[in-house]
Amino acid sequence: MSATSVAIRPGLLALADQVVVSGCNFLTALFLARTLDSDSFGHYSLAFLVCLFLSGLHRAVFTQPMAVLQDRDRPWLQLARARALLAAHWVAIPVAGLLVVIAGVFLHADFFLVASAVVFLACLFLQETARRFFYASGAHERALLNDIISYVGQLVVLLPLAVLGLLSGASAFLAMAASSLLAFVLALRWIERTHPEPAVELSVTEVIEEQWPLSKWLLATVLAIWGAGQLYPFLLVPLGPVAVATFSVCLNLLNLLGLITQSVANCVPANAATILQRHGRAAFRRDLLRTSLFAGCAGGLFVVAVGWFAEPVLHFLYGGRYDTAADILRTLSIGAACSLMGTVFGAYALALHDSRSGLFSNLGATVMTFTVGLWLIGNHAMQGAALGTSLSLATAMSLQAMFVLHRLRRTSA
């Protein structure tokens, strides 16, 4: 079996999975943007971004290391590791909930919105752990089914809430929490039914200590990533919730490219690590080149399409509410393309067990955010935020490419 064929089926399944996740999240945000008033949608968007931030920290500490910490001779270790990580959520969920409450106080959020966001985040943590276990154990079909239940399910629950006049930011979070919890419960039952008991039980401390050399850098990288490009909606808070809502609808449209970006993050590190282990560095470099070319073409086509169709798409999707955001969307599309390329280089760096370069790349972009980015916002408001986002993401992409190529040359020497 060739190195390419090793990655084809998991890659297609990961892409299908991310179509479900990004597509349903896109439809959910679109539905809420059209249904809620701009003020309410702006507050919901900020709360959702807080949840996404904490989900990123959770992924770095708990689930992402599972993708590369594999033992082919002892597959039962994956289940033992997953069980220990689930037990650790007795601590992780209350800590994350407290952070959501603190963020809600600073952002002057409604009590019910904050409470429902905490419930959603708890259910998301559990469902995401099961999902990442499926990826790490090679059960890509099961990961896809799990996300269909969760993300399609949230749309199924949201629609009757809107019909009954009960839809709000808080009820939207509760709907998403319900579907995530259902997906987790069904995943847990399937794991218990199909996986044999592990030969040994691992403690939470053992698993965290095993993962910490990798996850500590991933954790710092997540913090840097948010500083590099994800922080801009929060920097727009002084301009009011309507400005946040306008910026958020543009970010939501960019999730169409995000389905490829997240598929890369989900699938490429494990597949690239397998190619490196089985076929060597020459095959690894060829796979990196092939994936980079694909990502570059996809990003370029996306930027061109957004440049041509920004106005009619915004008008059609959002019913004329956010037509003035067309120029912001065009500028942000460049940043989305850079983010895709940066994710490719970061995924291959992770396969080389290099999680530090992602941190340093995004720290460089964070410097861009808090210098040039803040200056642009102060002088050009939302358009400045869009330009700052793209410049920050381009900086991260460039630095990440330099790091991974340097590591490959050094290890080949």
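Against the conditions (1) under 20 Å from the mean Cα position of the chain (by Cα); (2) farther than 30 Å from residue 41 by Cβ; (3) open to solvent by 20 Å² or more (accessible area, probe 1.4 Å); (4) modelled with pLDDT under 85, where does residue 260 fall short? Just the number, please.
Going through the list (1) under 20 Å from the mean Cα position of the chain (by Cα); (2) farther than 30 Å from residue 41 by Cβ; (3) open to solvent by 20 Å² or more (accessible area, probe 1.4 Å); (4) modelled with pLDDT under 85, residue 260 breaks only (2).
Which of the residues belonging to region 144-168 are open to solvent by 10 Å² or more (accessible area, probe 1.4 Å), part of a helix (DSSP H, G or I) and under 18 Å from residue 44 (Cβ atoms)?
151, 155, 157, 159, 161, 162
Checking the structure you have, find out if any residue of region 192-199 is in a helix (DSSP H, G or I), open to solvent by 30 Å² or more (accessible area, probe 1.4 Å), hydrophobic (A, V, I, L, M, F, W, C) and at pLDDT below 80.
Checked region 192-199: no residue is in a helix (DSSP H, G or I), open to solvent by 30 Å² or more (accessible area, probe 1.4 Å), hydrophobic (A, V, I, L, M, F, W, C) and at pLDDT below 80.
If I go through region 170-191 residue by residue, how many of them are open to solvent by less than 10 Å² (accessible area, probe 1.4 Å) and either within 18 Å of residue 156 (Cα to Cα) or outside any helix (DSSP H, G or I) (or both)?
Summing the residues that are open to solvent by less than 10 Å² (accessible area, probe 1.4 Å) and either within 18 Å of residue 156 (Cα to Cα) or outside any helix (DSSP H, G or I) (or both) in region 170-191 gives 8.
Quick one: in region 1-15, which of the residues that are in contact with a helix residue (DSSP H, G or I) (Cβ under 6 Å, 6 or more places away or on another chain) and at pLDDT 60 or above is nearest to residue 348 (Cα to Cα)?
This residue is 11.
Here is a check on your reading of the model: is residue 370 modelled with pLDDT of 90 or more, farther than 30 Å from residue 286 by Cα and open to solvent by 30 Å² or more (accessible area, probe 1.4 Å)?
In short, yes.
For region 81-92, which residues satisfy the criterion of being part of a helix (DSSP H, G or I) and either in contact (Cβ under 8 Å) with a residue 40 or more places away in the chain or buried (at least 18 other Cβ atoms within 10 Å of the Cβ) (or both)?
Within region 81-92, 81, 82, 83, 84, 85, 86, 87, 89, 92 meet the criteria.
Tell me which residues, restricted to region 201-216, are assigned to a helix (DSSP H, G or I) and open to solvent by 60 Å² or more (accessible area, probe 1.4 Å).
205, 206, 209, 210, 212, 213, 216, listed by residue number.
Looking at 331, 324, 261, 274 in this structure, which one is under 17 Å from residue 39 (Cα atoms), of a type in the set (Ser, Thr, Tyr) and part of a helix (DSSP H, G or I)?
324
Taking region 342-373, which residues are closer than 24 Å to residue 293 by Cα, of a type in the set (Ser, Thr, Tyr) and in a helix (DSSP H, G or I)?
Of everything in region 342-373, those that are closer than 24 Å to residue 293 by Cα, of a type in the set (Ser, Thr, Tyr) and in a helix (DSSP H, G or I) turn out to be 343, 348, 357, 361.
Residues checked against (1) charged (D, E, K, R); (2) over 20 Å from residue 124 (Cα atoms):
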residue: 150; (1), (2): no, no
residue: 162; (1), (2): no, yes
residue: 170; (1), (2): no, no
residue: 182; (1), (2): no, no
residue: 189; (1), (2): yes, no
residue: 193; (1), (2): yes, yes
residue: 210; (1), (2): yes, yes
residue: 216; (1), (2): yes, yes
residue: 221; (1), (2): no, yes
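The values are calculated or read from the model by the stated rules, or taken from the named source; none is laboratory data. All values derive from a computational prediction rather than experimental measurement. Glycine also receives a Cβ, built like all others from the backbone with ideal geometry; neighbour counts cover every protein chain displayed. Each accessible area value is taken on the protein alone, full model and side chains, heavy atoms only, with ligands, DNA and RNA left out. Shrake-Rupley method; radii C 1.70, N 1.55, O 1.52, S 1.80 Å.
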